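Participant: Let me give you the structure first, and then I'll get to my questions.
The values are calculated or read from the model by the stated rules, or taken from the named source; none is laboratory data. Just so you know, these numbers come straight off a predicted model, no measurement behind them. Don't worry about glycine lacking a Cβ; one is built from the backbone with ideal geometry, like all the others, and counts go over all protein chains shown.
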Amino acid sequence: MSGDQIASLVFLGLLGGALALSYWIGSRGNLGRIARQAAIWVLIFVGAIAAVGLWPTIRDTVAPRQTVMQNGREIIVPMAHDGHFYLTLDVNGTAVRFVVDTGASDIVLSAEDAMRIGIDPTALVYSGRAMTANGIVETAPVRLATVRLGAITDEGMGAVVNRGELSESLLGMSYLRRFARLEMSGGQLRLAR
C-alpha cells in the first residue's frame with residue numbers, strides 16, 4: 001500500500017470510529033441493536049476491501065484487454081466503452097498505450113510518451129505540420145528502435161512526436177498497413193500478419 005492509501009485508510013477509520021462513538025453515546029440503552037448494526041457495517045467494510053483487492057481480476061472480465069492468438073500472429077482488441085480501440089505496444093522497451101486511429105497517417109507520440117521511451121521532446125526539431133481536429137500542430141520526426149505487439153516486432157519504425165496537446169498517443173496507418181488484415185466487426189478489432 002502506498003502512503004496515500006494508508007493515510008486514506010487511517011482517515012476513514014477515524015471517521016468511522018467517531019461516527020460509531022457518537023451513535024453509541026446517543027443510544028446507550030440498546031447495545032444489542034448497536035452490536036447487530038456494527039456487525040453489518042463491518043461486513044460491508046470487509047466486502048468493500050475484498051472488492052478492491054479483487055478489482056484486477058474483475059476488471060479483466062468487465063473491460064477485457066487485447067489478446068494475442070494463433071501463434072502470436074493475430075491480435076484481437078475489444079472495443080472500449082468510449083467506442084475506441086486501444087492497443088498497448090512495447091516501444092523501445094516501454095509499454096505505451098495507443099488509440100487506434102485510421103485517420104492518422106503516422107504513429108504519433110505525445111510528449112509524455114516520447115519522454116517515457118527515452119526521447120527528449122525539447123531537443124527535437126519540429127519541422128513537420130499535421131492537421132488535427134484541433135487545428136494544425138507541429139510534429140518532429142523520430143525513429144523508434146523497436147515496436148513490439150505480442151510476438152510481432154518491427155524495428156526502425158518512423159514516428160512523429162506531437163508538440164500540441166495530446167492526451168493519448170495515436171497508432172496510425174504507417175503501422176496498421178503492415179498487417180495483412182485489419183477488420184472491425186462485432187465490437188472487436190482484428191489484426192493479422
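Participant: Anything in the range 164-181 that is at pLDDT 90 or above and surrounded by fewer than 18 Cβ atoms within 10 Å (Cβ to Cβ)? List them, or say none.
Facilitator: GLU168, MET173, SER174, LEU176, ARG177, ARG178, PHE179, ALA180, ARG181
Participant: Which residue is surrounded by the most Cβ atoms within 10 Å (Cβ to Cβ), if the candidates are limited to the range 75-97 and must be in a strand (DSSP E or B) and touching a Gly at 6+ places or on another chain (Cβ under 9 Å)?
Facilitator: So, considering only residues that are in a strand (DSSP E or B) and touching a Gly at 6+ places or on another chain (Cβ under 9 Å), the one surrounded by the most Cβ atoms within 10 Å (Cβ to Cβ) is ILE75.
Participant: Among GLY164, GLY156, which is the only one that is farther than 15 Å from ASP106 by Cα, in the same structural domain as ASP101 (by TED's automatic domain parsing) and not in a helix (DSSP H, G or I)?
Facilitator: GLY164
Participant: Does the range 106-117 hold any residues that are more than 16 Å from the chain's Cα centre (by Cα) and farther than 19 Å from LEU149 by Cβ, and which are they?
Facilitator: Across the range 106-117, the qualifying residues are ALA111, MET115.
Participant: Name every residue in the range 105-147 that is assigned to a loop (DSSP other than H, G, I, E, B), under 27 Å from ALA80 (Cβ atoms) and modelled with pLDDT of 90 or more, in order of residue number.
Facilitator: SER105, ASP106, ILE107, SER110, ILE117, ILE119
Participant: Is there any pair with a first residue in the range 164-187 that is under 10 Å from VAL100 (Cα atoms) and a second that is surrounded by 16 or more Cβ atoms within 10 Å (Cβ to Cβ) and of a type in the set (S, T, N, Q) whose Cβ atoms are under 6 Å apart and which are 6 or more apart or on different chains, and what are they?
Facilitator: SER169/SER110
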